[in-house]
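Right, one structure below, let's go through it.
The values are calculated or read from the model by the stated rules, or taken from the named source; none is laboratory data. Note that the structure is predicted; figures quoted are calculated from it, not measured. Cβ sites come from the backbone with ideal geometry, for glycine too, and all protein chains shown count toward neighbours.
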4 protein chains.
Amino acid sequence: MIKVGVVGYGTIGKRIVDASVDSGFDVAIAVRRYTPKLDIAIERKFPLYSMAGDIGIETQGDFEDFVRECDVVVDCTPKNIPAENFSYYKNVKVIVEGGEKHSLTGFSFSSFGNYEEGVNRERARVVSCNTTSLVRTLIPLKEYIDNVFVTLIRRSVDPWDVKGGPINAIVPVLKVPSHHGPDLNTVVPDISIRTMAVKVPTTLAHLHVVRVKLKKNMTKEDLKYIFENTPRIRVLSGYKSTADIIEHFRDLGRKRYDMPEVAVFEESINVESGKAYWIHVVHQESIVIPENIDCIKAMFGEKDKWKAIYETDKTLGIEKKKECYR
Amino acid sequence: MIKVGVVGYGTIGKRIVDASVDSGFDVAIAVRRYTPKLDIAIERKFPLYSMAGDIGIETQGDFEDFVRECDVVVDCTPKNIPAENFSYYKNVKVIVEGGEKHSLTGFSFSSFGNYEEGVNRERARVVSCNTTSLVRTLIPLKEYIDNVFVTLIRRSVDPWDVKGGPINAIVPVLKVPSHHGPDLNTVVPDISIRTMAVKVPTTLAHLHVVRVKLKKNMTKEDLKYIFENTPRIRVLSGYKSTADIIEHFRDLGRKRYDMPEVAVFEESINVESGKAYWIHVVHQESIVIPENIDCIKAMFGEKDKWKAIYETDKTLGIEKKKECYR
Amino acid sequence: MIKVGVVGYGTIGKRIVDASVDSGFDVAIAVRRYTPKLDIAIERKFPLYSMAGDIGIETQGDFEDFVRECDVVVDCTPKNIPAENFSYYKNVKVIVEGGEKHSLTGFSFSSFGNYEEGVNRERARVVSCNTTSLVRTLIPLKEYIDNVFVTLIRRSVDPWDVKGGPINAIVPVLKVPSHHGPDLNTVVPDISIRTMAVKVPTTLAHLHVVRVKLKKNMTKEDLKYIFENTPRIRVLSGYKSTADIIEHFRDLGRKRYDMPEVAVFEESINVESGKAYWIHVVHQESIVIPENIDCIKAMFGEKDKWKAIYETDKTLGIEKKKECYR
Amino acid sequence: MIKVGVVGYGTIGKRIVDASVDSGFDVAIAVRRYTPKLDIAIERKFPLYSMAGDIGIETQGDFEDFVRECDVVVDCTPKNIPAENFSYYKNVKVIVEGGEKHSLTGFSFSSFGNYEEGVNRERARVVSCNTTSLVRTLIPLKEYIDNVFVTLIRRSVDPWDVKGGPINAIVPVLKVPSHHGPDLNTVVPDISIRTMAVKVPTTLAHLHVVRVKLKKNMTKEDLKYIFENTPRIRVLSGYKSTADIIEHFRDLGRKRYDMPEVAVFEESINVESGKAYWIHVVHQESIVIPENIDCIKAMFGEKDKWKAIYETDKTLGIEKKKECYR
């Protein structure tokens, strides 16, 4: 049984814990301090390790003990902290998240883009929520794509975070084009893409406005068909905003209303004068969870990409018809 | 088996449906139009009735058929619509929600305040989310209370609603004192209370700032003890905002992250110079659901108040130790 | 002396009044009801007319009297109301704003795009704030443009408006491409443009993310130079958001902090692989004011476009060096 | 001519500069770094001093030079920085703002409360925006007051600040009662007051919900009359929110739409069962400016409180009838 060590118990960490348990992995957790949200992990009796001495709760050991116990660590600590933690990661596989630099692991992973290259890897970076959504929607269109232009309208902080703003402003990324395009190219080098981004006062989800110049004809119906038959993409009709999409996932009874799928507004899908357009929604809190689980499977030798993806999706309750997985 | 007819499938309606099913009631739903959120009700095969002729989905009949089929209707349509629906409500018990006027039913219900008066009633109004939270927290303190002053800081719209504002303003209720005090008195006439209210740009929850002038001594520890041992109140320590409280309920895996309990910030509880103070959070979407279920039980003859409340709480997964129910 | 009749005293109306006075026009105001914001107009002794009988303040007459008194009416009432007012507009020139349909006047005006066509017109529609900003930035680039793609990130309501949302969501325009591109083409038919739009929870300003495919080489320095030497465009360096740009105009002491200029973030200006990129900010409350004043001048026979524009800019205190006006 | 040295050129600093100039004082400015907002100060040729060596613009000297040049420094740097600056303040009078601790100067000043104690002082702390509004509204009611309870609903950050949140939450001050009551007592020790506070996602203004238990009878009309005849209080009728009040000050043409007056919603004023109630709005950016100017006057020997206040008000354009100043 693979033992997954999750470092940090925040937005991503707690979800990796849940998904790892559901996937049949053993789980341990390392944290730097006690906060009330840890109570749930304590109640569920996960082995806890302290990265900072006595943190006022019972732990199984220190960070070195933790690393020794684990087969793979998934470092979900805030941006730039994983780089500091790297000196501890000896004799253990390591996954970091998309906030870290590609150079930290030298390999960026996203299931649809380069699962095969992840097989038996020692170190991997699972790309960010925004990039994940672009890999998922662009890879199935690859043969049609001449070039891609995306405007990312980003939520500013996660729902629980009351420290970050803005409250009443739009904050553009002034580096133009933004880093999101090159980040996609760490996984899929041969898609020509440019991106620009702004941050807006909302917490629920990112939203992407996508324009693809086509090099091969397709219709709006083709585009819709492809999205409907690609795993981890939901085409939703009748919805008007990020808010009513999230409400739908609350109504579905998803834990924490998570939406690991990219949600495409059906009414936004269009093809006109050789360009394809659509708008999709990225649930920043949960979208990378399936790719993290896939990545663990790849790192421990699972060679069959679509088998890995399908099983992850079944575990997470987001699977489509079997024939979509190929 | 009691057949509960839920009118309207919005914020409250959909939750009454879920709680009614969990409580072992039969459920039917009447709506005025189709919206995508109804898909889940369709999938679960609830009998649907149309209040407005052909609405593009298969229904079991019209509004009159619906009323004939039901033992009690819970009218969860928007403010003032229930009054218009009343002409249809013949030979059926009727519950309306707290947005309606007391005079519509001539009886306002809140379990802790006046359960007994609800027994075998034909018509009842379950008081609003804000009033419910005040009934729950003030009734157990009744013998201590000289008078109460509450400032209500209200969320402006529910999370899915993208039409209502404000985006960047505070909107006071200029009628001072506000109607919330008198509304409490429809249930508990003998508590002297004044309230003032403002609306702020958030969707998650209301927050109440409470000051009670005491007529009988108590300590801060007494107050905390009372809240900890009263059903439907959660005393939470280590939380800083409505947002991290909601996050906690997401982490708990509650459906739609619902929090039917009043959440009191433990750190805010204080008694000083003959006044008690605290701050509590009201989840406007779900707090009235237990009281609605209790009300149905009362209307159909259940005389044992604490039995009704306890069983509702068990059904909803929010029960405390048995001895709290008395 | 031209007598300008301003219909409606809201966001646009009150600014047209101020700019008309500053431009040496005579002013009258017609309104449908009294609100406290009218007090300032009363104090300044503008002749007021009622569109709806007795409105509780002293007026000079009814709507027909008003129209008879005026040489031109600028109808600034909310969307679709101007169409209803049209039956009153006899023997008077008429300007409507960008919320109205092009077909209402059959002619859409924007100074940089088609001033000449406005000369001696009887009826004109001054295009919307978003379109105005695109006319101003794209016309000086026209010879370079192969095609344009713009993502509009729109403020949801004006700062004083507490009724409209969303509070915490992104609301896309699901008609893709959006109507903003075709609207530009009512003024400048020969620019190939596609637009997509979203609405976000902010009140201060719209923001546009622009990508231009070039058909003629230019450098980033060329682009910056053109913007710096075009009237009604401000290139701002060192600013990070719509909020600190607005703060700058507060600090400048502009009345109501108005920014009739398009503000381009200098750091966002870029040219790469045959595409030009930039991000600009549109102050929805004031950007169309200069074009409205220009339009009046054109309608009353001023043939010299750049003279009209220069004088308007001087009057409004936003003029650049004289040589920019050609 | 008094030379006022303003330390920090942020929200408060830049307004102290403007008001000092208008009051006929000489002005110098010390800053720690260059930001674009300084351009306006550079253009207006204020002598600038650097607190941190070379900051890339021309300066007249370092922080010691600055202190030597000035008769009084008004330290408007962020919370806790003034304490660090204190070692430099030799042979100069010093004013700090309300974010600092009372103990830093040992004397807290607010014109209506204790002007006389400020006369010829060497060191003073002008109390915060929230406390200022309470001093102004409570002092004229002093003989009526038994005790006061205030709920402060605070804006979270100033309009230009895009870093601070929350975006979608209410954040209570969990220390109950909050520090605002004791802060009032640093100026007026003999008013019995308790306060509680929350932070909400808005930038425009704070809002206070006030309840006063009366020890002497008054009517609602008395209360209104007192507010209408007290300087620096505006009673506004017909307004609904912080947003339309701010809009009013934009329309008035106030620089930066500043509202140094406390704005009381006329409709909220009420007296009932021995309690007075009202709701007022605090423009956090500008409300303390008059008191800072008064404080300078007092420190330099002006003994006539009402003369000082009246002249400050005239200078700032907010004066009432002369007979209100006594």
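Quick notes
- Consider segment B:283-321 and keep the residues that are among the basic types (Lys, Arg) and either out of contact with any helix residue (DSSP H, G or I) (no Cβ under 7 Å at 6 or more places or on another chain) or more than 29 Å from B:Phe265 (Cβ to Cβ) (or both). The one that is surrounded by the fewest Cβ atoms within 10 Å (Cβ to Cβ) is B:Lys321.
- Inspection of segment D:276-290 finds a residue satisfying the criterion of being over 17 Å from D:Pro140 (Cα atoms) and in a helix (DSSP H, G or I).
- Candidates in segment D:180-209 are the residues that are assigned to a strand (DSSP E or B) and touching a helix residue (DSSP H, G or I) at 6+ places or on another chain (Cβ under 7 Å); of these, the one that is surrounded by the most Cβ atoms within 10 Å (Cβ to Cβ) is D:Leu207.
- Flag if A:Ile40 is assigned to a loop (DSSP other than H, G, I, E, B) and surrounded by 15 or more Cβ atoms within 10 Å (Cβ to Cβ): no
Every residue, every condition in (1) closer than 25 Å to B:Pro189 by Cα; (2) assigned by TED's automatic domain parsing to the domain that holds B:Pro159; (3) crowded, with 16+ Cβ neighbours inside 10 Å, yes or no:
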site: B:Ser20; (1), (2), (3): no, no, yes
site: B:Phe25; (1), (2), (3): no, no, yes
site: B:Thr35; (1), (2), (3): no, no, no
site: B:Gln60; (1), (2), (3): no, no, no
site: B:His102; (1), (2), (3): yes, no, yes
site: B:Phe107; (1), (2), (3): yes, no, yes
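- Residue under evaluation C:Asp158, criteria (1) among the acidic types (Asp, Glu); (2) in a loop (DSSP other than H, G, I, E, B); (3) more than 14 Å from chain A (Cβ to nearest Cβ), criterion not met: (3)
- Close contacts from segment A:240-262, counting a first residue that is on the phi > 0 side of the Ramachandran plot and a second that is among the small types (Gly, Ala, Ser), with Cβ to Cβ under 9 Å and a gap of 6+ residues or different chains, come to A:Arg256/A:Ser286; A:Arg256/B:Gly253; A:Tyr257/A:Ser286.
- The criterion of at least 1 residues that are within 20 Å of B:Thr131 (Cα to Cα) is met by the following strands (runs of 3 or more DSSP E) wholly inside segment B:225-275: B:233-236, B:262-265.
- Residue within segment A:103-111 that is touching a residue at least 24 places away in the same chain (Cβ under 8 Å), polar (S, T, N, Q), touching a Leu at 6+ places or on another chain (Cβ under 9 Å) and away from chain C (no Cβ under 14 Å) present: yes
- The one condition in (1) away from chain B (no Cβ under 11 Å); (2) surrounded by 23 or more Cβ atoms within 10 Å (Cβ to Cβ) that D:Leu141 fails to fulfil: (2)
- Residues that are more than 11 Å from chain D (Cβ to nearest Cβ), more than 17 Å from the chain's Cα centre (by Cα) and buried (at least 24 other Cβ atoms within 10 Å of the Cβ), drawn from segment B:237-279: none
Let's see how each residue does on (1) aliphatic (A, V, I, L, M); (2) over 22 Å from the mean Cα position of the chain (by Cα); (3) within 14 Å of chain A (Cβ to nearest Cβ):
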residue: B:Arg15; (1), (2), (3): no, no, yes
residue: B:Thr35; (1), (2), (3): no, yes, yes
residue: B:Glu43; (1), (2), (3): no, yes, yes
residue: B:Met51; (1), (2), (3): yes, yes, no
residue: B:Asp62; (1), (2), (3): no, yes, no
residue: B:Thr77; (1), (2), (3): no, no, no
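- Summed over segment A:161-179, the residues that are more than 8 Å from chain C (Cβ to nearest Cβ) and either of a type in the set (Val, Ile, Thr) or crowded, with 24+ Cβ neighbours inside 10 Å (or both) give a count of 4.
- Figure legend. Inter-residue proximity from segment D:131-145: first residues among the acidic types (Asp, Glu), second residues surrounded by fewer than 20 Cβ atoms within 10 Å (Cβ to Cβ), beta-carbon distance below 7 Å, spacing 6+ or different chains. Indicated pairs: D:Glu143/D:Lys216.
- Residues that are surrounded by fewer than 22 Cβ atoms within 10 Å (Cβ to Cβ) and either touching a His at 6+ places or on another chain (Cβ under 8 Å) or of a type in the set (Val, Ile, Thr) (or both) within segment C:144-153 comprise C:Ile145, C:Val148, listed in sequence order.
- Qualifying residue in segment C:66-76 (condition: touching a Pro at 6+ places or on another chain (Cβ under 9 Å), over 29 Å from C:Ile139 (Cβ atoms) and modelled with pLDDT of 95 or more): yes
- Filter result (surrounded by 15 or more Cβ atoms within 10 Å (Cβ to Cβ) and not polar (S, T, N, Q)) within segment D:69-78: D:Glu69, D:Cys70, D:Asp71, D:Val72, D:Val73, D:Val74, D:Asp75, D:Cys76
- Exactly one residue out of D:Lys307, D:Lys314, D:Lys303 is in a loop (DSSP other than H, G, I, E, B) and over 16 Å from the mean Cα position of the chain (by Cα), and it is D:Lys303.
- Segment A:152-180: number of residues that are under 11 Å from A:Thr195 (Cα atoms) and basic (Lys, Arg): 1
- Count of residues meeting criterion [hydroxyl-bearing (Ser, Thr, Tyr) and within 14 Å of chain B (Cβ to nearest Cβ)] in segment D:180-194: 1
- A residue that is in contact with a helix residue (DSSP H, G or I) (Cβ under 9 Å, 6 or more places away or on another chain) and touching a residue at least 60 places away in the same chain (Cβ under 8 Å) cannot be found anywhere in segment D:37-60.
- Within the option set C:Glu117, C:Glu84, being without any contact (Cβ under 8 Å) to a residue 12 or more places away in the chain, within 26 Å of C:Thr195 (Cα to Cα) and outside the structural domain of C:Glu261 (by TED's automatic domain parsing) holds for one residue only, C:Glu117.
- Boolean, C:Ala19 is assigned to a strand (DSSP E or B), among the aliphatic types (A, V, I, L, M) and in contact (Cβ under 8 Å) with a residue 40 or more places away in the chain: no
- Of the residues C:Lys220, C:Lys215, the single one that is more than 30 Å from D:Ala205 (Cβ to Cβ), of a type in the set (D, E, K, R) and in contact with a helix residue (DSSP H, G or I) (Cβ under 7 Å, 6 or more places away or on another chain) is C:Lys215.
- Some residue of segment C:280-301 being β-branched (Val, Ile, Thr) and either within 14 Å of another protein chain (Cβ to nearest Cβ) or on the phi > 0 side of the Ramachandran plot (or both): yes
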